[in-house]
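S.K.: Below you'll find the structure I mean.
The values are calculated or read from the model by the stated rules, or taken from the named source; none is laboratory data. Note that the coordinates shown come from a computational prediction; the quantities given were computed from them, not determined experimentally. Every residue, glycine among them, receives a Cβ derived from its backbone with ideal geometry; neighbour counts consider all protein chains shown. These area figures cover heavy atoms from the full protein model, side chains too; ligands, DNA and RNA do not enter into them. Shrake-Rupley method; radii C 1.70, N 1.55, O 1.52, S 1.80 Å.
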Amino acid sequence: MKIVILDGYTENPGDLSWEGLAALGELTVHDYTPDDPEEIARRIGDAEAVYTSKVPVSRWTMEQCPNLTYIGALATGYNMVDIEAAKERGITVTNVPGYSTPAVAQMTLALLMEVTCHVGRHDQAVKEGRWCSCRDFCFWDMPIVELAGKTMGIIGFGSIGRAVGRLARALGMNVLATGSRPCPEGEEIATYVDLDTLLAQSDVISLHAPLFPTTHHIVNAENIAKMKDGVILLNTARGPLVDERALADALNSGKVAAAGLDVVEREPMLPDNPLLTAQNCVITPHIAWATVEARRRLMDIVVENLRQFQAGTPQNVVSR
């Protein structure tokens, strides 16, 4: 089997090995592939299997590459693949669920700690000499917020949402959840409520929902108005869940006290994004998933997905 990876660099910038996939066929790895349909089709060529993270595999591409029988997403999301076209052509599409749950939950907590304790800001102040010249034994530039007793509302209560909920509970927070069907595991962590109740009662709101038409811009001006004054917003899920102009306005007015974001609507981030100049907004460059441990789990599942496909027992199938 000929196997082509279109954009392998973010999954493996050199600290992991592709040897597991290489053992399953003739492997060609491209670190990057431009978003050019003809070049994408040329690189796939007569391969039977292709892997992609962000490079689109369209209906046209599939038509140009008739040998394709398998498309593997190097991620949980698979919106870069034309699923209907794959289904029509009998091409199996798989994804990699669950690999990043501990990493994303950890980053969510890190963003929450930064916007409530301002560790980075105070570290910088100390290194600028302000503690050395301070009259008192301590100083702080921003209010430090204690989380115990406050309420975290989690929109999207799948595996990552539940992992974040457990961390919030460990901090002494109350947890509300919405956007997922109640399950016994979830009910042990949170109280399920409707969206309006969650918006009205939460001191911290953390987004972990998938991106669907119903969740696009779920954080918008209308829903921000329903939130508590001084709410904290976290997003380590999908950038388009947030109307960025509405959030920037709410940050600058103080309606939203702070935001911690690992994703934005257009990535890489555009220089005119209003969140770049918004008050009290901490932004990281879509790295919550990228611990070496999470990427190693992703690699293991990617290899096993293809192995199972070759054995006639495909797993993690989103279309076939």
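S.K.: Here is a list: GLN310, GLN279. Which entry is within 30 Å of ALA110 (Cβ to Cβ) and in contact with a Leu (Cβ under 7 Å, 6 or more places away or on another chain)? Walk me through it before giving the result.
M.R.: On the way: GLN310 fails: within 30 Å of ALA110 (Cβ to Cβ).
Only one candidate passes the filter, namely GLN279.
Results for (1) closer than 25 Å to THR291 by Cα; (2) among the basic types (Lys, Arg), shown as yes or no for each residue.
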{"site": "TRP18", "(1), (2)": "yes, no"}
{"site": "TYR32", "(1), (2)": "yes, no"}
{"site": "ARG43", "(1), (2)": "no, yes"}
{"site": "SER53", "(1), (2)": "yes, no"}
{"site": "THR69", "(1), (2)": "no, no"}
{"site": "ASN79", "(1), (2)": "yes, no"}
{"site": "VAL104", "(1), (2)": "yes, no"}
{"site": "LEU109", "(1), (2)": "yes, no"}
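S.K.: For residues that are out of contact with any Gly (no Cβ under 8 Å at 6 or more places or on another chain) and in a loop (DSSP other than H, G, I, E, B), scanning just the range 177-192, find the one that is most open to solvent (accessible area, probe 1.4 Å). Give the steps one after another, and end with the answer.
M.R.: We begin by selecting, within the range 177-192, every residue out of contact with any Gly (no Cβ under 8 Å at 6 or more places or on another chain); these are 181-185, 187-188, 191.
Applying the additional criterion that residues be in a loop (DSSP other than H, G, I, E, B) yields 181-183.
Values: ARG181: 209, PRO182: 74, CYS183: 34 Å².
Taking the candidates together, the pick is ARG181.
S.K.: Please state which of the following conditions VAL96 fails to meet, knowing it meets all the rest: (1) out of contact with any helix residue (DSSP H, G or I) (no Cβ under 8 Å at 6 or more places or on another chain); (2) in a loop (DSSP other than H, G, I, E, B); (3) open to solvent by less than 10 Å² (accessible area, probe 1.4 Å).
M.R.: (1)
S.K.: Could you tell me which residue of the range 13-59 is nearest to ALA73 (Cα to Cα), considering only residues that are in contact with a helix residue (DSSP H, G or I) (Cβ under 7 Å, 6 or more places away or on another chain) and in a loop (DSSP other than H, G, I, E, B)?
M.R.: Step by step, filter the range 13-59, then rank; the result is VAL55.
S.K.: Quick one: THR197 ticks every box in (1) β-branched (Val, Ile, Thr); (2) closer than 29 Å to ARG266 by Cα; (3) in contact (Cβ under 8 Å) with a residue 12 or more places away in the chain bar one, so which box is it?
M.R.: (2)
S.K.: Also: Any idea how many residues of the range 212-244 are assigned to a loop (DSSP other than H, G, I, E, B) and among the polar types (S, T, N, Q)?
M.R.: Final tally of qualifying residues: 4.
S.K.: Next up: Can you go through SER206, SER253, SER202 and tell me which one is modelled with pLDDT of 95 or more, loosely packed, with under 14 Cβ neighbours inside 10 Å and either out of contact with any Cys (no Cβ under 9 Å at 6 or more places or on another chain) or over 20 Å from ARG169 (Cα atoms) (or both)? Before you say what the answer is, go through the steps one by one.
M.R.: Numbers: SER206 fails: loosely packed, with under 14 Cβ neighbours inside 10 Å; SER202 fails: loosely packed, with under 14 Cβ neighbours inside 10 Å.
Going through SER206, SER253, SER202 in turn, just one is modelled with pLDDT of 95 or more, loosely packed, with under 14 Cβ neighbours inside 10 Å and either out of contact with any Cys (no Cβ under 9 Å at 6 or more places or on another chain) or over 20 Å from ARG169 (Cα atoms) (or both): SER253.
S.K.: Does THR10 satisfy the condition of being hydroxyl-bearing (Ser, Thr, Tyr) and either in contact with an Asp or Glu (Cβ under 9 Å, 6 or more places away or on another chain) or open to solvent by 70 Å² or more (accessible area, probe 1.4 Å) (or both)? Even if it seems obvious, please write down each step before you answer.
M.R.: Numbers: hydroxyl-bearing (Ser, Thr, Tyr): yes; either in contact with an Asp or Glu (Cβ under 9 Å, 6 or more places away or on another chain) or open to solvent by 70 Å² or more (accessible area, probe 1.4 Å) (or both): yes.
Considered against the rule, which asks whether it is hydroxyl-bearing (Ser, Thr, Tyr) and either in contact with an Asp or Glu (Cβ under 9 Å, 6 or more places away or on another chain) or open to solvent by 70 Å² or more (accessible area, probe 1.4 Å) (or both), THR10 comes out as yes.
S.K.: Does GLY161 meet the test of being among the small types (Gly, Ala, Ser), buried (at least 19 other Cβ atoms within 10 Å of the Cβ) and in contact (Cβ under 8 Å) with a residue 60 or more places away in the chain?
M.R.: Numbers: among the small types (Gly, Ala, Ser): yes; buried (at least 19 other Cβ atoms within 10 Å of the Cβ): yes; in contact (Cβ under 8 Å) with a residue 60 or more places away in the chain: no.
For GLY161, the condition - among the small types (Gly, Ala, Ser), buried (at least 19 other Cβ atoms within 10 Å of the Cβ) and in contact (Cβ under 8 Å) with a residue 60 or more places away in the chain - is not met.
S.K.: Name the pairs: first residue in the range 120-133 and surrounded by 10 or more Cβ atoms within 10 Å (Cβ to Cβ), second residue among the small types (Gly, Ala, Ser), Cβ to Cβ under 9 Å, at least 6 apart or on different chains?
M.R.: If the second residue must be among the small types (Gly, Ala, Ser), the pairs left are TRP131/ALA125.
S.K.: Of the residues GLY153, GLY129, which single one is at positive phi and either outside any helix (DSSP H, G or I) or in contact with a Cys (Cβ under 8 Å, 6 or more places away or on another chain) (or both)?
M.R.: Numbers: GLY153 fails: at positive phi.
Among GLY153, GLY129, only GLY129 is at positive phi and either outside any helix (DSSP H, G or I) or in contact with a Cys (Cβ under 8 Å, 6 or more places away or on another chain) (or both).
S.K.: Of the conditions (1) touching a residue at least 24 places away in the same chain (Cβ under 8 Å); (2) assigned to a loop (DSSP other than H, G, I, E, B), PRO271 satisfies every one except a single condition; which number is it?
M.R.: Of everything listed in (1) touching a residue at least 24 places away in the same chain (Cβ under 8 Å); (2) assigned to a loop (DSSP other than H, G, I, E, B), PRO271 misses just condition (1).
S.K.: Restricting to the range 60-89, what's the tally of residues that are in a loop (DSSP other than H, G, I, E, B) and either over 16 Å from PHE309 (Cα atoms) or open to solvent by 50 Å² or more (accessible area, probe 1.4 Å) (or both)? Before you say what the answer is, go through the steps one by one.
M.R.: Just the residues of the range 60-89 that are in a loop (DSSP other than H, G, I, E, B), to begin with: 65-69, 74-80, 82, 89.
Filter again for either over 16 Å from PHE309 (Cα atoms) or open to solvent by 50 Å² or more (accessible area, probe 1.4 Å) (or both), leaving 65-67, 69, 75-80, 82, 89.
Total satisfying the criteria: 12.
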